[in-house]
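Take a look at the structure below.
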Amino acid sequence: MAGKKQFDMDKALDAAMIQFWREGYADTSLDDLSRATGLNRSSLYSSFGDKDRLFLRCLDLYAARYGEKYEAALASAASDPVTAVRAFFDVTLERIADPELPDGCLIAQSAMAIPVLSPSVAAQAEQALDLQYSRLRTALKAGRLSDHDAETFAVHAAAVNQSLAVMSRAGASPAQLRSIVGVTIDALAQALRG
């Protein structure tokens, strides 16, 4: 039918997200996005706007997809904060281990690229990082940690979570990544006992 889009917007957005995730914002060209989505430049622009707007939509998609999983993992924090934080890290470790997905994390990768991102894209990347930290802080406060300890562990856990993505991209083994998580889980358990 003339004038009607002949492609699946969700599939195209998902393909663009994977492309940005695999190569990063700066190293992804419009030609790369065209190949990944199967759309020509004109269709990309008319459907998603410029590269920045498409990338923002990809960040939103990524944050929503994994944010729901993190929320579910942390849901039991009030009754069992150690298990909840372990489940939080399991979301990341499962994503990293999935052979269908690129290594690393789109948000971690975007955070490292903030100096070369446009202000709106940089702000969105920072907001995604802040949301992860806020999610952890809220869960840890519900888990009977003092405000100070909840703040400290939330910052630490968010940093560890992002470092898992970076370390996986650099070739760390699953055993090494689990070991990194184990140190954080042990420290949290000790703080809760103390």
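The values are calculated or read from the model by the stated rules, or taken from the named source; none is laboratory data. What you are looking at is a predicted structure, and each value in this text was computed from that prediction instead of being measured. Because the Cβ atoms are built from the backbone with ideal geometry, glycine has one as well, and the counts that use them run over all protein chains shown. Remember, those area values only see protein heavy atoms, side chains included, never the ligands or the DNA or RNA. Shrake-Rupley method; radii C 1.70, N 1.55, O 1.52, S 1.80 Å.
Which net charge results when you count Lys and Arg as +1 and Asp and Glu as -1 among the other residues whose beta-carbon is under 15 Å from that of Ala191? So the environment of Ala191 carries a net charge of 0. Residues in the chain average 51 Å² of solvent-accessible surface per residue, probe 1.4 Å, ligands and nucleic acids excluded. Here the chain has 53 percent of its accessible surface on carbon and sulfur atoms, given a 1.4 Å probe and all protein chains in place.
Here the Karplus curve 6.51 cos²θ - 1.76 cosθ + 1.60, taken at θ = phi - 60°, turns the phi angles of the range 156-167 into couplings of 4, 5, 5, 5, 4, 4, 5, 5, 4, 5, 5, 5 Hz, with x standing for Gly and Pro. How are the alpha carbon pair distances in the range 1-85 distributed across 10 Å bins from zero to the largest one, expressed in percent? Pair shares across the bins are 17, 40, 20, 15, 7, 1. A helix-only calculation puts the chain at -25000 deg cm²/dmol for mean residue ellipticity at 222 nm, using -39500 (n - 2.57) for each DSSP H run of at least four residues, averaged over all residues. Among the lysines of the chain, pairs at least eight places apart or on separate chains and with Cα atoms under 28 Å apart come to 6. Which of rounded, prolate or oblate describes the range 121-191 when judged by the alpha-carbon gyration tensor and an a/c cut-off of 1.5? Oblate.
With R₀ set to 25 Å, the beta-carbon distance separating Arg65 from Asp90 gives a calculated FRET efficiency near 0.95.
The string of couplings for the range 138-155 from the Karplus curve (6.51, -1.76, 1.60, θ = phi - 60°) is 4, 5, 5, 5, 5, x, 6, 7, 5, 4, 4, 5, 4, 4, 5, 5, 5, 4 Hz, one whole number per residue in order, with x for Gly and Pro.
For Leu145, neighbours were defined as the other residues whose beta-carbon sits under 12 Å from its Cβ, and their charges (Lys and Arg +1, Asp and Glu -1) total +1. Near Met17: Cβ cut-off under 10 Å, other residues only, Lys/Arg at +1 and Asp/Glu at -1. The net charge is +1.
On the basis of the beta-carbon distance and an R0 of 30 Å, Asp186 and Arg41 show a calculated FRET efficiency of 0.05. In plain terms, the chain from Ala122 to Asp31 could stretch by 30.5 nm, reckoned as 0.36 nm per residue minus the Cα-Cα distance. Three semi-axes describe the equivalent ellipsoid of the chain; taken as square roots of 5 times the Cα gyration tensor eigenvalues and ordered largest first, they are 35, 16, 15 Å.
Between Ser173 and Asp50, the simple label model (points 7 Å from Cα in the Cβ direction) yields a spacing of 4.7 nm.
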